[in-house]
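Visitor: Sharing a structure with you now.
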Amino acid sequence: MIIRQATLDDARLLAALSTHVQQVHVEARPITFKPAEVTDELIQFYTDLLPQPDHYIFIVEGDGMAIGYVFVKWVNRPANPFINADHFLHVDQISVNPEARGKGYGKVLMSAVYDLAQQHNIKRITLDVWQFNTSAIEFYLNLGFNPFMQRMELFLE
């Protein structure tokens with residue numbers, strides 16, 4: 001397995017890799033998520049994202065091909081009357097090709113996140129996960145993540 005930081009040349013590749021996890025979301029919540037397909041809009045999303053200095057994308061490769069990626073944001077929150085100043089890493093996206101799941105690629109991607117945190121003396125990593133994505137929840141719990149906030153919704157007729 002090889003981990004590398006994504007470059008602008010990887011925008012189309014990232015768009016393709018994202019479709020695997022996007023499909024999981026589309027199937028569970030089609031009202032929320034757009035179809036899982038590589039579009040010019042999606043490629044442009046990654047093209048715009050990659051040069052931003054507070055965003056990091058790591059790609060994992062195995063057997064000479066890209067298997068998955070993780071997109072991490074470095075968040076710096078100023079203090080306000082309610083909360084203290086804080087800085088942390090936030091895992092915004094992670095995707096591993098379905099046929100490669102359970103082979104350690106996700107753990108390797110998360111290790112890149114841990115290494116980034118350690119390099120910058122960051123002590124906290126956060127992420128969001130949808131309740132329907134039970135395999136992702138199990139993955140994160142096994143890595144030691146713990147729930148700390150809950151979102152709720154109500155649909156009105």
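Visitor: Can you find a residue in segment 49-66 that is closer than 27 Å to residue 149 by Cβ, without any contact (Cβ under 8 Å) to a residue 24 or more places away in the chain and among the hydrophobic types (A, V, I, L, M, F, W, C)?
Guide: Among the residues of segment 49-66, at least one is closer than 27 Å to residue 149 by Cβ, without any contact (Cβ under 8 Å) to a residue 24 or more places away in the chain and among the hydrophobic types (A, V, I, L, M, F, W, C), which makes the answer yes.
Visitor: Write out, first by first residue and then by second, each pair whose Cβ atoms fall under 6 Å of each other, whose residues are 6+ apart or on separate chains, and whose first residue, in segment 20-42, is closer than 16 Å to residue 98 by Cα while the second is in a loop (DSSP other than H, G, I, E, B) and of a type in the set (Phe, Trp, Tyr).
Guide: Note: pairs meeting the criteria are 25/33; 26/33.
Visitor: Do we have residue 100 as farther than 21 Å from residue 32 by Cβ and at pLDDT 95 or above here?
Guide: Criteria not met by residue 100.
Visitor: Something else: Name the strands (runs of 3 or more DSSP E) wholly within segment 1-118 that hold at least 1 residues that are out of contact with any Phe, Trp or Tyr (no Cβ under 6 Å at 6 or more places or on another chain) and loosely packed, with under 14 Cβ neighbours inside 10 Å?
Guide: Values: elements: 2-5, 55-62, 65-77, 86-96.
Counting at least 1 such residues, we get 2-5, 65-77, 86-96.
Visitor: Looking at 62, 144, can you tell me which residue is more than 15 Å from the chain's Cα centre (by Cα), small (Gly, Ala, Ser) and at positive phi?
Guide: Unique residue meeting the criteria: 144.
Visitor: From the list 44, 93, exactly one residue is modelled with pLDDT of 95 or more and in contact with a strand residue (DSSP E or B) (Cβ under 9 Å, 6 or more places away or on another chain). Which is it?
Guide: Values: 44 fails: in contact with a strand residue (DSSP E or B) (Cβ under 9 Å, 6 or more places away or on another chain).
On inspection, the qualifying residue turns out to be 93.
Visitor: Do any residues in segment 87-101 that are in contact (Cβ under 8 Å) with a residue 24 or more places away in the chain have Cβ atoms under 7 Å from those of residues that are among the polar types (S, T, N, Q) and surrounded by 16 or more Cβ atoms within 10 Å (Cβ to Cβ), where the two are at least six apart or on different chains, and which pairs are they?
Guide: Partner pairs satisfying both residue conditions: 93/18; 95/18.
Visitor: If you don't mind, there's one more thing I want to ask. When you check residue 128 against the structure, is it modelled with pLDDT of 95 or more and more than 14 Å from the chain's Cα centre (by Cα), yes or no?
Guide: Spelling it out, it is not the case that residue 128 is modelled with pLDDT of 95 or more and more than 14 Å from the chain's Cα centre (by Cα).
The values are calculated or read from the model by the stated rules, or taken from the named source; none is laboratory data. Note that the coordinates shown come from a computational prediction; the quantities given were computed from them, not determined experimentally. Don't worry about glycine lacking a Cβ; one is built from the backbone with ideal geometry, like all the others, and counts go over all protein chains shown.
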